[in-house]
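Visitor: Below you will find the structure I want to go over with you.
The values are calculated or read from the model by the stated rules, or taken from the named source; none is laboratory data. Computed from a prediction, not measured in an experiment: that's the story for all the values here. Cβ placement follows ideal geometry from the backbone for every residue including glycine, while neighbour counts extend to all protein chains displayed.
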Amino acid sequence: MFEKILGQEEAVRELREEMSRNRLNHAYLFEGPEGVGRCTLARAFAAVMLYGESATTDPDNHPDYLELPRDATSLRIRRFVEREGSSSETIEHTPVMPFLQLRPVVGERRICLIPDAERMEISAANTFLKTLEEPPGKSMILLTTSARDRMLPTIVSRCRRVRVCPLPENVIADELVRRGLADETHARDLALISEGSLGTAIQFASGEIIEHWNWIGEAMSRLTPAGAVSLAQGMIQRAASAGSNGLEKRRAAGHLLDLIALHVRKRLREGTDPRAAAKALSVLWRAGEQLSANVRMELVLNSAALDTIAVLRASA
């Protein structure tokens with residue numbers, strides 16, 4: 001299973017080393033940005049623990065494996081404990097703590113995966129803490145998160161943290177081409193836009209993002225007042241035609257600002273003055289805040305385009 005993991009050689013090496021030395025922890029926290037393979041790596045680890053190093057399938061159907069769904073914005077206490085008076089007819093899921101307390105069906109341990117563990121409500125986290133400290137038997141708990149700062153420190157401190165890093169651009173580009181989602185040229189652009197997230201790159205490949213990216217790049221290649229006006233007008237037109245209501249238009253405007261910020265970061269890697277890049281990013285961040293505060297969209301986009309080009313032009 002580990003052979004299928006893209007771009008996480010260091011994390012895989014660490015896990016394999018712990019397995020070979022039989023120095024396994026009872027709880028692991030796989031942390032990293034969205035779309036870099038946190039859950040994929042955690043599932044592969046679970047599969048190897050349950051099936052052995054030669055595992056070729058996900059552990060989803062293994063009787064000693066439980067994975068909480070990602071279909072809710074929060075994880076409430078009922079996901080972890082069985083409420084008094086409940087029955088199999090009224091429970092829509094298997095609570096974590098009763099599952100871990102049962103004896104393994106096949107092997108020597110039970111494994112539970114909790115994706116996006118930052119969703120745990122305070123009451124759920126506090127209730128689960130005792131189980132996390134001392135899991136029954138040899139059971140193992142795997143958690144993933146892209147927002148460790150939103151988790152209780154007591155939860156984080158009891159886990160062996162595994163860093164799941166942003167993927168190299170070439171890994172993302174090659175995977176997009178392999179899946180037939182983009183040709184080599186577009187795959188490189190999508191890899192750059194996604195900033196290390198394969199999930200984001202796949203999402204962008206099916207939309208208009210790449211067209212917007214190319215258009216913004218062309219507009220920003222002309223660091224002139226006329227180019228700034230063209231960029232501003234183009235953004236206003238694209239945002240205005242993106243939806244039928246104000247919320248959809250503002251969301252589209254925010255995506256365009258994000259793409260400009262990505263172009264600024266690309267310029268920074270190519271040698272743009274760091275102080276100018278930081279100032280331009282500050283302009284774009286402030287524009288995003290203004291959009292959220294319902295400042296008139298046309299005014300925000302116009303100011304953001306003109307100010308960003310002016311900052312970059314002054315340092316050119």
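Visitor: I'm checking my understanding of the structure. Among residues of the range 13-37 that are hydrophobic (A, V, I, L, M, F, W, C) and surrounded by 18 or more Cβ atoms within 10 Å (Cβ to Cβ), which one is farthest from residue 202 (Cα to Cα)?
Guide: This residue is 27.
Visitor: Restricting the range 276-300 to residues that are over 27 Å from the mean Cα position of the chain (by Cα) and either small (Gly, Ala, Ser) or assigned to a helix (DSSP H, G or I) (or both), which is farthest from residue 237 (Cα to Cα)?
Guide: Here the answer is 276.
Visitor: Oh, and also: Looking at (1) of a type in the set (Gly, Ala, Ser); (2) crowded, with 18+ Cβ neighbours inside 10 Å; (3) touching a residue at least 40 places away in the same chain (Cβ under 8 Å), which one does residue 219 not meet, given that it meets all the others?
Guide: Here residue 219 meets the rest and fails (3).
Visitor: What number goes with the only condition from (1) touching a residue at least 12 places away in the same chain (Cβ under 8 Å); (2) over 16 Å from residue 105 (Cα atoms); (3) out of contact with any helix residue (DSSP H, G or I) (no Cβ under 6 Å at 6 or more places or on another chain) that residue 50 does not pass?
Guide: (2)
Visitor: Let me ask something else about it. Residue 74 is checked against (1) at pLDDT below 90; (2) surrounded by 12 or more Cβ atoms within 10 Å (Cβ to Cβ); (3) under 27 Å from the mean Cα position of the chain (by Cα) and fails just one. What number does that condition carry?
Guide: (2)
Visitor: Going residue by residue through the range 10-18, is there one that turns out to be more than 20 Å from the chain's Cα centre (by Cα) and part of a loop (DSSP other than H, G, I, E, B)?
Guide: no
For (1) more than 23 Å from residue 100 (Cα to Cα); (2) surrounded by 14 or more Cβ atoms within 10 Å (Cβ to Cβ); (3) among the aliphatic types (A, V, I, L, M), each residue gets a yes or a no:
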{"position": "131", "(1), (2), (3)": "no, yes, no"}
{"position": "136", "(1), (2), (3)": "no, yes, no"}
{"position": "141", "(1), (2), (3)": "no, yes, yes"}
{"position": "197", "(1), (2), (3)": "yes, yes, no"}
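Visitor: Look at residue 149 and say whether it is assigned by TED's automatic domain parsing to the domain that holds residue 19, of a type outside the set (Lys, Arg), at pLDDT below 90 and closer than 27 Å to residue 12 by Cβ. Can you show your working first?
Guide: Details: assigned by TED's automatic domain parsing to the domain that holds residue 19: yes; of a type outside the set (Lys, Arg): yes; at pLDDT below 90: no; closer than 27 Å to residue 12 by Cβ: yes.
Taking the combined requirement at face value, the residue does not satisfy it.
Visitor: Being surrounded by 15 or more Cβ atoms within 10 Å (Cβ to Cβ) and among the small types (Gly, Ala, Ser) is the filter; apply it to the range 98-123 and report the residue that is nearest to the chain's Cα centre (by Cα).
Guide: Once the filter is applied, the top-ranked residue is 117.
Visitor: Out of the residues in the range 40-86 meeting the condition of being part of a loop (DSSP other than H, G, I, E, B) and hydroxyl-bearing (Ser, Thr, Tyr), tell me which one is farthest from residue 166 (Cα to Cα). So that I can check it myself, show each step before the final result.
Guide: Residues of the range 40-86 part of a loop (DSSP other than H, G, I, E, B): 52-64, 68-74, 76, 80-86.
Now narrow it down to the ones that are hydroxyl-bearing (Ser, Thr, Tyr): 54, 56-57, 73-74, 86.
Values: 54: 26, 56: 25, 57: 24, 73: 24, 74: 25, 86: 43 Å.
Ranking the candidates gives 86 first.
Visitor: Would you mention how many residues in the range 294-316 are within 23 Å of residue 252 (Cα to Cα) and either charged (D, E, K, R) or at pLDDT below 90 (or both)?
Guide: Count: 4.
Visitor: Continuing with the same structure: Under 30 Å from residue 105 (Cα atoms), out of contact with any Phe, Trp or Tyr (no Cβ under 8 Å at 6 or more places or on another chain) and of a type in the set (A, V, I, L, M, F, W, C) - does that describe any residue in the range 128-142?
Guide: Checked against the condition, which is being under 30 Å from residue 105 (Cα atoms), out of contact with any Phe, Trp or Tyr (no Cβ under 8 Å at 6 or more places or on another chain) and of a type in the set (A, V, I, L, M, F, W, C), the range 128-142 yields at least one hit.
Visitor: I've got another one for you. Provide a single number: the residues in the range 213-238 that are touching a Gly at 6+ places or on another chain (Cβ under 9 Å) and part of a helix (DSSP H, G or I).
Guide: Going through the range 213-238, the residues touching a Gly at 6+ places or on another chain (Cβ under 9 Å) turn out to be 215-216, 219-221.
Next, only the ones that are part of a helix (DSSP H, G or I) stay: 215-216, 219-220.
Of the residues in that region, 4 qualify.
Visitor: Would you confirm whether or not the range 129-148 contains a residue that is closer than 20 Å to residue 73 by Cα and among the charged types (D, E, K, R)?
Guide: yes
Visitor: Need pairs with beta-carbon distance below 6 Å; first residue closer than 14 Å to residue 66 by Cα and within the range 99-119, second among the polar types (S, T, N, Q) and in a loop (DSSP other than H, G, I, E, B); sequence gap 6+ or separate chains.
Guide: These pairs meet every condition: 100/139; 109/139; 110/139.
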